[in-house]
Each structure stands twice: as C-alpha cells, then as structure tokens.
1. Does the range 144-158 hold any residues that are closer than 23 Å to LEU203 by Cβ and either small (Gly, Ala, Ser) or open to solvent by less than 40 Å² (accessible area, probe 1.4 Å) (or both), and which are they?
2. Looking only at the range 94-114, which residues are open to solvent by 70 Å² or more (accessible area, probe 1.4 Å) and either not in a helix (DSSP H, G or I) or not charged (D, E, K, R) (or both)?
3. In this structure, does SER141 turn out to be open to solvent by 30 Å² or more (accessible area, probe 1.4 Å) and in a helix (DSSP H, G or I)?
4. Scan the range 184-196 and tell me whether some residue there is open to solvent by 80 Å² or more (accessible area, probe 1.4 Å), among the charged types (D, E, K, R) and part of a helix (DSSP H, G or I).
5. Restricting the search to the range 33-50, which residues are assigned to a helix (DSSP H, G or I) and open to solvent by 30 Å² or more (accessible area, probe 1.4 Å)?
6. Pairs only if they're at least six apart or on different chains, beta carbon under 8 angstrom, first in the range 156-173 and hydrophobic (A, V, I, L, M, F, W, C), second part of a loop (DSSP other than H, G, I, E, B) and surrounded by 16 or more Cβ atoms within 10 Å (Cβ to Cβ); list them, first residue then second.
7. Test ARG132 against the criterion of being open to solvent by 80 Å² or more (accessible area, probe 1.4 Å), assigned to a helix (DSSP H, G or I) and in contact with a helix residue (DSSP H, G or I) (Cβ under 9 Å, 6 or more places away or on another chain), and give yes or no.
8. Is there any pair linking a residue in the range 21-40 that is modelled with pLDDT of 95 or more to one that is among the acidic types (Asp, Glu), with Cβ under 8 Å and at least six apart or on different chains, and which?
Amino acid sequence: DDTPLGKITALLVLSTKYDFRLIRSDVIHQISRKYPMSLEEYGRIDDDYADMFGMMRMFCHFPLLIAVLKAEVECLLPQLYYACSDHEMEFILDNSRRLSLDPQVIITLISGRDLLKDRISKIVTGLPEEMRKTTLQSCLSAAKPCCKVAHFIGLELVCNTSDLQDINGKRFTSSFLKRACEHCATHMGKSIDKRREQIWNVLPSFFDLRCW
C-alpha cells in the first residue's frame with residue numbers, strides 16, 4: 001500500500017514491455033488485492049476515501065485502468081471499468097480528459113455504466129410488486145400482514161446508481177423498507193442480494209469483456 005501509484009503503473013507497463021514476468025506478476029497481485037473478483041470481497045474494501053498507493057482510492061481507478069489496458073491484464077479490467085463507472089459523469093469526463101483516455105475506452109466505459117445503471121434501476125423499480133407477491137405468499141405476521149402495511153420509501157434515491165453497494169440487501173431493506181416483519185424483510189434482502197450477484201456475474205459483458 002505504500003508503493004506510490006506512479007511506480008505501480010510504471011512497473012506494470014514496463015515489466016510487460018520487457019517481459020519481466022516476476023515483477024509483472026507481483027504488481028498484478030498487488031492491484032488484484034485492491035480490486036478483487038468477488039462482489040463480497042470488493043464491497044468490503046470499496047471506500048473511495050481510503051488511502052491506496054499513496055493517494056485516495058478514487059484517484060487511482062483511471063490511471064490503473066490505463067496501465068492495465070496497456071499491459072493487457074484482462075482479469076483486472078472488469079473491476080477497474082466498474083470502479084471508474086461508479087462516479088458522476090463530470091468526474092469521469094474530467095479524468096478522461098486529464099489522462100488522455102482513448103476515445104473508444106471512454107465509449108466502452110460510459111456505455112457499460114449505462115447498462116449497469118439500467119439493470120440496477122430495473123431491480124429497484126420492481127421491488128414494490130415483488131414485495132406484494134412475496135408478502136401474500138409467505139408473511140408470518142397474523143396481526144398485521146405485510147401485504148397490507150409494508151412499503152418502500154425513497155426508491156428514487158437509488159434508481160440512478162451504478163454502485164452495487166447501494167443495493168446491498170440488508171442495508172437496503174433497513175433504509176428503504178418500512179413496516180415489514182423480520183421474516184419478509186429478510187426474504188426481500190436475500191432476493192435483492194441474489195440479483196445483485198447476478199449483475200456482478202455478467203459485469204464484464206457490460207464493458208465488452210469476456211466472463212470472469
């Protein structure tokens with residue numbers, strides 16, 4: 001973590017160019033620890049304000065994406081495209097311009113971001129109907145059945161996100177699902193997490209990459 005970002009990117013590109021395989025492997029390992037392939041592991045370390053390679057994590061994504069593209073490290077591309085896409089458009093364009101990102105890479109990044117946002121939005125907007133069906137079939141509360149009292153609030157706040165952590169099942173139901181019994185809330189949380197994992201599994205395809 002103490003290795004400066006500039007040194008990390010330079011070592012990756014140069015070790016690839018001159019076929020220094022051990023150095024290349026070590027650098028790839030260092031980067032992969034910060035951008036794991038598992039959604040659960042990624043979520044545990046995904047903090048834009050955390051210190052990483054001598055700066056805040058959010059400022060590492062774009063330089064690393066450029067270096068990984070140059071070095072053709074395909075196993076790191078889905079995570080880095082995802083990390084770069086999880087920002088406001090102004091941030092993406094500013095970094096793309098500042099670092100002279102290839103126009104086709106910008107198109108791939110923004111297109112993938114739009115696909116990701118669309119998939120998340122479909123999950124979120126479908127939750128009220130899913131909850132209605134779920135509570136009709138499986139609610140255990142006899143006094144106040146969830147089909148009559150449970151409801152979501154504030155879903156519009158997460159309909160336009162590209163961050164899969166925004167729809168973490170347990171946190172999501174805790175914040176947006178009201179008056180649901182514990183059984184129904186748990187069921188909805190697990191359902192959300194299952195579909196969140198499904199999105200992660202096909203994430204590479206959003207950025208025109210092969211599967212994990």
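The values are calculated or read from the model by the stated rules, or taken from the named source; none is laboratory data. Since the model is a prediction, treat every value here as computed from it, not as a measurement. Here the Cβ is made from the backbone with ideal geometry for all residues, glycine too, and neighbour counts use every protein chain on show. The protein model used for the area step is the full one, side chains on, heavy atoms only, and it has no ligands, DNA or RNA in it. Shrake-Rupley method; radii C 1.70, N 1.55, O 1.52, S 1.80 Å.
1. Initially, the range 144-158 is screened for residues closer than 23 Å to LEU203 by Cβ, giving 155, 157-158.
Hits for the range 144-158 are LEU155, VAL158.
2. SER100, ASP102, PRO103, GLN104, ILE107
3. Working: open to solvent by 30 Å² or more (accessible area, probe 1.4 Å): yes; in a helix (DSSP H, G or I): no.
No: the conditions fail for SER141.
4. Of all residues in the range 184-196, those open to solvent by 80 Å² or more (accessible area, probe 1.4 Å) come to 187, 190, 194.
From the residues that got through so far, the ones that are among the charged types (D, E, K, R) too are 190, 194.
Restricting the remaining residues to those that are part of a helix (DSSP H, G or I) gives 190, 194.
Within the range 184-196 (the criterion being open to solvent by 80 Å² or more (accessible area, probe 1.4 Å), among the charged types (D, E, K, R) and part of a helix (DSSP H, G or I)), the answer is yes, since at least one residue qualifies.
5. Of all residues in the range 33-50, those assigned to a helix (DSSP H, G or I) come to 33-34, 39-45.
Correct list: ARG33, LYS34, GLU40, GLU41, ARG44, ILE45.
6. Sorted first by the residue in the range 156-173, then by its partner, the pairs are ILE167/THR161.
7. Spelling it out, ARG132 is indeed open to solvent by 80 Å² or more (accessible area, probe 1.4 Å), assigned to a helix (DSSP H, G or I) and in contact with a helix residue (DSSP H, G or I) (Cβ under 9 Å, 6 or more places away or on another chain).
8. LEU39/GLU197
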